[in-house]
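First the structure, in the form of structure tokens, and then the observations on it.
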Amino acid sequence: MTIALQYCHVTVNDLDESLAFYRDALGLETRNDVGSDGARWVTLGSATQPGLEIVLSQPHAGRSQADGDALQELLTKGVLPMTVFSTDDLDATFERVRASGAEVLQEPIDQPWGPRDCAFRDPSGTMVRIQQAAKA
């Protein structure tokens, strides 16, 4: 038996603004852009992980009004879980994301537990960390 992560959901306020961040600044490719019953979601991925997609959707997409309202409140507070990406060139990735105008939370630093990493906020306020494995 095998098991693998296929989709990871990221809740956003504005799909087009977030698409520009995740696609243009981070370099992910758009895999699907779907509209159904007044909702829209976009999936993105990386050629290095062809079986994994990040799903961008708004708080009320496919949810009850009460659940969407609760998720919107958490998104507004900035307390939804962060997303962590890895790269083979942290400094170049950092400069590309910073050049996009994204809010920098932490410039690249070597962490005592191993990786070198940095942090940004996506357009909806969710923390996005990017790390590079420690050199052996």
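Assorted remarks:
- Residue pairs meeting the criteria (Cβ under 7 Å; at least 6 apart or on separate chains; first touching a residue at least 60 places away in the same chain (Cβ under 8 Å), in region 25-39; second outside any strand (DSSP E or B) and of a type in the set (A, V, I, L, M)): 25/97; 25/102; 26/97
- Filter result for residue 51 (touching a Lys or Arg at 6+ places or on another chain (Cβ under 7 Å) and within 21 Å of residue 88 (Cα to Cα)): no
- Filter result for residue 43 (among the β-branched types (Val, Ile, Thr), free of Cβ contacts under 8 Å to residues at least 12 places away in the same chain and on the phi < 0 side of the Ramachandran plot): no
- Of everything listed in (1) small (Gly, Ala, Ser); (2) part of a strand (DSSP E or B); (3) touching a residue at least 60 places away in the same chain (Cβ under 8 Å), the single unmet condition for residue 18 is (2).
- Here the condition is being of a type in the set (Ser, Thr, Tyr) and in a strand (DSSP E or B); of 30, 2, it holds for 30 alone.
- Matching residues in region 36-45 - criterion: being of a type outside the set (A, V, I, L, M), surrounded by 11 or more Cβ atoms within 10 Å (Cβ to Cβ) and over 12 Å from the mean Cα position of the chain (by Cα): 40, 41
Conditions (1) in contact with a helix residue (DSSP H, G or I) (Cβ under 7 Å, 6 or more places away or on another chain); (2) of a type in the set (Ser, Thr, Tyr); (3) without any contact (Cβ under 8 Å) to a residue 60 or more places away in the chain; (4) over 27 Å from residue 135 (Cβ atoms), marked per residue:
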{"residue": "2", "(1), (2), (3), (4)": "no, yes, yes, yes"}
{"residue": "9", "(1), (2), (3), (4)": "no, no, yes, yes"}
{"residue": "23", "(1), (2), (3), (4)": "no, no, yes, yes"}
{"residue": "66", "(1), (2), (3), (4)": "no, no, yes, yes"}
{"residue": "76", "(1), (2), (3), (4)": "no, yes, yes, yes"}
{"residue": "85", "(1), (2), (3), (4)": "no, no, yes, no"}
{"residue": "92", "(1), (2), (3), (4)": "no, no, yes, no"}
{"residue": "109", "(1), (2), (3), (4)": "no, no, yes, no"}
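- Selection within region 50-80 - farther than 19 Å from residue 125 by Cα, under 17 Å from the mean Cα position of the chain (by Cα) and surrounded by 12 or more Cβ atoms within 10 Å (Cβ to Cβ): 52, 53
- Exactly one residue among 99, 133 is out of contact with any strand residue (DSSP E or B) (no Cβ under 8 Å at 6 or more places or on another chain) and among the hydrophobic types (A, V, I, L, M, F, W, C), and that residue is 99.
Read-outs throughout are calculated quantities, based only on the coordinates presented, and are distinct from any laboratory measurement. Keep in mind it's a predicted model, so treat the numbers as computed, not measured. With ideal geometry, Cβ positions are generated from the backbone for all residues, glycine too; neighbour counts draw on all protein chains shown.
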